[in-house]
1. Below 8 Å, C-alpha to C-alpha, sequence gap of six or more: please give me the relative contact order for the range 1-94 in percent.
2. Quickly estimate the mean residue ellipticity at 222 nm for the chain, helices only: each DSSP H run with n ≥ 4 gives -39500 (n - 2.57), and the total goes over all residues, rounded to 500.
3. For the range 3-49, report the accessible area per residue in Å² (1.4 Å probe, heavy atoms, rounded to an integer).
4. Which of the aspartates and glutamates could be linked to Lys3 by a straight reach, that is with a Cα gap under 13 Å, when you skip same-chain ones fewer than 8 residues away?
5. Report the Cα centroid-to-centroid distance between the range 1-49 and the range 88-103 in angstrom, as an integer.
6. With the calculation restricted to Cα positions, what are the radius of gyration and Dmax of the chain in angstrom?
7. Quote to one decimal, in nm, the extra length available between Ala89 and Arg107 on full extension: 0.36 nm per residue of separation minus the C-alpha distance between them.
8. Using label points projected 7 Å from each Cα along Cα→Cβ, tell me how many nm separate Ser42 and His115, to one decimal.
Amino acid sequence: MAKLRMEFTFDEEALRRNGYGKEQLYDIVKSDYEKNGLKCISDDDVLAFADQGSRWDYGNMWAITLAFLECEWFADSLLSCLYFQNDLAEDLLPQLPRMREILERNRRRRTLKAHER
């Protein structure tokens, strides 16, 4: 089974501009990951979460991460967003515009299908 990890670092000034403090944001993010079985392994300069060996971990990690990345205030406050699988890192920030484009296109598609019924 793959070892999964997601790491975030934040611009504290950007957080303040968006109405959040670092501690408040960490509490919100930790709550969502932990209630879905993902363990917080760091909450200092880097906020990081790891899988716990469940078959649901991969899907849960991505669902939560994408939900946060869809929030502009969250994404605008990020300095880094790294996804690790078996210690191979992938930087998600350069991919964020494309991710949002795909998510928006899928959201429009679902909306159209709902109206067709």
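The values are calculated or read from the model by the stated rules, or taken from the named source; none is laboratory data. In this text the structure is predicted, and so the values were computed from the model without any measurement. Please note: Cβ atoms are built from the backbone with ideal geometry, for glycine as well, and neighbour counts cover all protein chains shown. Accessible surface areas use protein heavy atoms only, side chains included; no ligands, DNA or RNA. Shrake-Rupley method; radii C 1.70, N 1.55, O 1.52, S 1.80 Å.
1. 41 percent
2. It lands at -16000 deg cm²/dmol.
3. Here the residues of the range 3-49 average 55 Å² of exposed surface.
4. Asp51, Asp57, Asp87
5. Answer, in whole Å: 18.
6. Just the Cα atoms of the chain yield Rg and Dmax of 15.2, 49 Å.
7. Length gained between Ala89 and Arg107: 3.7 nm.
8. Output for this residue pair reads 4.5 nm.
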